[in-house]
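**Q** My questions all concern the structure below.
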Amino acid sequence: MLASRFRSGQLIRSTLPLSDEQLRNVVPSIYAGDAHASRSDRYTHIPTSVVLNALKKEGFQPFMAIQARVRDDTRHGFAKHMIRMRHASQIEMQDAVNEIILLNSHDGSSSYQMLAGSFRFVCQNGMVCGDQYHDIRVRHCGNVVDNVIEGAYEVLDNFERITASKADMSALPLSEAEQLAFAKAALPLRFGETDAQPAEQTVLRRRRSADDRNDLWTTFNVVQENLIKGGLPRVNRQGRVSRTRQINGIDGDVRLNKALWTLAEAMKALKA
């Protein structure tokens, strides 16, 4: 189990399903008894824990959770949080496992959202699949629990397509020039026009021998890990060398991950 504190929030991840006690200690907003005071009477407060317990009964288990850091201390117990879950049919240990990503808050910063994701064991990469896999959003009104469960199964239905896409990427070799082109296209997804950027070759740096392959799936994972985890050297206009920061925020993580997955799908289509 790994529990960490970041400037942007608190995170816990485990190789086994997380217990309520573990989640409550690190991500307390999952268990908010009431909505934040800023919410109106039209807001239907259903604690994420209630939804999570209902999903557990359907065979979904949490393996990672993170809570966003907030500047307003009154929002700490209501802040946006993300839970990555695996269905009993998807837990088998292999190169990567499909996950359902549940987002929510109790302060109005997020509706219930469910996205398709993938977790790669060798590098501990938590990916988010692109928009082509149909994200689910459930507002805080009406029959929230049933709607979220229904949405989870809709996301689960996409897993066969996602597994097939990963297999296609793994079978697709890229030349050195194509890998550089992929890395170059990925950089604007992470950095602004005025930001100092690392070199494409740096973004393609392998962190382990298991990634010493040239297929699209491996290349995508290497680029994703380097851009998310940071630590890459870059030189600004004044010639000063700095290192890129790790992305810890929920919104930034989801946004970049989805964009990189969409880029990988586009590269796959071009090579088909």
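The values are calculated or read from the model by the stated rules, or taken from the named source; none is laboratory data. Every value quoted in this text rests on a predicted model; they were computed, and no experiment measured them. Neighbour counts run over all protein chains shown; Cβ positions are idealised from the backbone, glycine included. Calculation scope for accessible area: heavy atoms of the full protein, side chains included, ligands and nucleic acids excluded. Shrake-Rupley method; radii C 1.70, N 1.55, O 1.52, S 1.80 Å.
**Q** Is one or more of the residues making up the stretch 171-193 under 23 Å from the mean Cα position of the chain (by Cα), closer than 16 Å to Val122 by Cβ and outside the structural domain of Gly117 (by the TED database)?
**A** no
**Q** Any idea which of (1) open to solvent by 10 Å² or more (accessible area, probe 1.4 Å); (2) over 16 Å from Val122 (Cβ atoms); (3) in contact with a helix residue (DSSP H, G or I) (Cβ under 9 Å, 6 or more places away or on another chain) is the one Leu227 doesn't satisfy?
**A** Exception for Leu227: condition (1).
**Q** Would you be able to say whether some residue in the stretch 133-143 is surrounded by 15 or more Cβ atoms within 10 Å (Cβ to Cβ) and of a type in the set (Asp, Glu)?
**A** yes
**Q** Here is a further query. Here are some conditions: (1) outside the structural domain of Glu265 (by the TED database); (2) more than 19 Å from the chain's Cα centre (by Cα); (3) modelled with pLDDT under 90. Ala167 meets all but one. Which one does it not meet?
**A** (3)
**Q** Let me ask something additional. Within the bounds of the stretch 146-169, is there any residue that is in a loop (DSSP other than H, G, I, E, B), of a type outside the set (S, T, N, Q) and either touching a strand residue (DSSP E or B) at 6+ places or on another chain (Cβ under 7 Å) or buried (at least 17 other Cβ atoms within 10 Å of the Cβ) (or both)?
**A** Within the stretch 146-169 (the criterion being in a loop (DSSP other than H, G, I, E, B), of a type outside the set (S, T, N, Q) and either touching a strand residue (DSSP E or B) at 6+ places or on another chain (Cβ under 7 Å) or buried (at least 17 other Cβ atoms within 10 Å of the Cβ) (or both)), the answer is no, since none of the residues qualifies.
**Q** Answer yes or no as to whether Thr202 is at pLDDT 95 or above and farther than 19 Å from Thr262 by Cβ.
**A** When the stated conditions are applied, Thr202 passes them.
**Q** So which of Ile46, Ile66, Ile30 ends up being assigned to a strand (DSSP E or B) and of a type in the set (A, V, I, L, M, F, W, C)?
**A** Matching residue, one of Ile46, Ile66, Ile30: Ile66.
**Q** Also, I was wondering about something else. Arg207 fails exactly one of the following numbered conditions: (1) farther than 30 Å from Thr163 by Cβ; (2) in a loop (DSSP other than H, G, I, E, B); (3) open to solvent by 50 Å² or more (accessible area, probe 1.4 Å). What is the number of that condition?
**A** (1)
**Q** OK, next. Of the residues Arg243, Arg237, which is over 20 Å from the mean Cα position of the chain (by Cα), touching a residue at least 40 places away in the same chain (Cβ under 8 Å) and over 22 Å from Asp168 (Cα atoms)?
**A** It is Arg237.
**Q** Write out, first by first residue and then by second, each pair whose Cβ atoms fall under 7 Å of each other, whose residues are 6+ apart or on separate chains, and whose first residue, in the stretch 33-44, is open to solvent by less than 50 Å² (accessible area, probe 1.4 Å) while the second is of a type in the set (Ser, Thr, Tyr).
**A** Every condition considered, the pairs that remain are Ala35/Tyr43.
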